[in-house]
1. If R₀ is 41 angstrom, what is the calculated FRET efficiency for the pair Lys214 and Lys53, using the beta carbon separation as r and rounding to 0.05?
2. Placing unit charges on C-beta atoms (Lys and Arg positive, Asp and Glu negative, everything else neutral), compute the dipole magnitude of the range 32-138 about its Cα centre in debye, rounded to 20.
3. List the GluC sites (Glu not before Pro) within the range 1-69 that fall in a DSSP loop (any state other than H, G, I, E or B) and whose Cβ has at most 11 other Cβ atoms within 10 Å.
4. Aspartates and glutamates within cross-link reach of Lys168: Cα-Cα under 12 Å, excluding same-chain residues under 8 positions apart?
5. Over the range 105-179, calculate the relative contact order: mean separation of alpha carbon pairs under 8 Å at least 6 apart, over the residue count, as a percent.
6. Any idea how far apart Ser36 and Lys168 come out in nm if each label point goes 7 Å out from Cα toward Cβ?
7. Just tell me which aspartates and glutamates come within less than 12 Å, Cα to Cα, of Lys172; anything on the same chain fewer than 8 places away is out.
8. Can you give the FRET efficiency to the nearest 0.05 for Cys107 and Phe86, using r as the Cβ-Cβ distance and R₀ = 45 Å?
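Every number here is computed from the coordinates shown, using simple stated rules; none is lab data. Source: prediction; values computed, not measured. FYI the Cβ positions are ideal-geometry reconstructions off the backbone, even for glycines, and counts take in every protein chain you see.
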Amino acid sequence: MAYILNIETATTNCSVALSKNGKTIALKEDYKNGYSHAEKLHIFIEEVLNTAKVSANNLDAIAISKGPGSYTGLRIGVSAAKGLAFALDKPLISVPTLDVLAQQVNCKKGVIVSMLDARRLEVYSAVYNSNHNQIRNTQAEILVTESFKDYLKENTVYFIGNGVMKTKEIIKNDNAVFIEERLPSANEMSALAYNKYKIGNTEDVAYFEPYYLKDFVALKPKS
C-alpha cells in the first residue's frame, strides 16, 4: 500500500491530491483565475490528509508537478514539496506538468497537444499519442497559422490547457478540437506518480529544481 501526496501549482490551479496505490482518494483545489498558492497550499495539504484520515508520517512519498508553468507557482509548490519530503524523510517524485494535463484527454485515436500559456503568442507545449505517450518533446514556441500542421494533416488533434484560448484564434483547421477551461490537476498526478514510485524513480531533494523551460524575466511595473 502506498500513500502519495500530489502537489500541482504550475498554473492558477492550486491543487492537492492524496492517492492510494495510484488512485485519488482525496482532492482539494482552487480553480479560480488567480494565484492563491501561498495562502492555500498548506491548508489544502492538511485538508486532504484530514479527509482521508491519513497522517503525514504515514505518507510513502511526496509528488510535485515540476513544470513548465508559472515561475512563482512552481517555486511555491516545489519549495513545499521539498520541505515536506525533507522533514518527513520521504522520497520526492516529480511529474512533468504537460504529462499531467494530457491525461485529461481520453481519445481512441488522434493526437493530444498539451499547452500552457506563456507571454504574448507563446506557449509551452508537448505532443502525445492517444495512449498518452509523448511523441514530441516539450517546447516553448511562438504560435503561427502553420503550427502543428504536420499533425493536423492526418489526425484529429486535441488541444488542451490555458494556451487554447489564443491558439484557436490562430489555428483554423477542421481537425482541431479545442478543449477549453482545463488546467493541470493533482488528480491526474496520482497514477503517474505511483508508476514512478513503483520503480524507484525519485529526485534528490537537496538539488531538485523546477523545470522552468525558460529563464524568468521580471516585468517592470507600470508607472
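1. Numbers: r = 41 Å, r/R0 = 1.01.
That gives a FRET efficiency of 0.50.
2. On the way: 12 positive and 8 negative charges, 70 e Å.
Approximately 340 debye in magnitude.
3. Working: sites: Glu8, Glu29, Glu39, Glu46, Glu47; in loops: none.
Nothing satisfies the criteria.
4. Glu180
5. Details: 142 pairs, mean separation 24.6, N = 75.
Taking the mean separation of contacting Cα pairs over the length of the range 105-179, I get 33 percent.
6. Output for this residue pair reads 2.5 nm.
7. Answer for Lys172, where 12 Å is the Cα cut-off: Glu146, listed by chain and number.
8. Working: r = 40 Å, r/R0 = 0.88.
It comes out at approximately 0.70.
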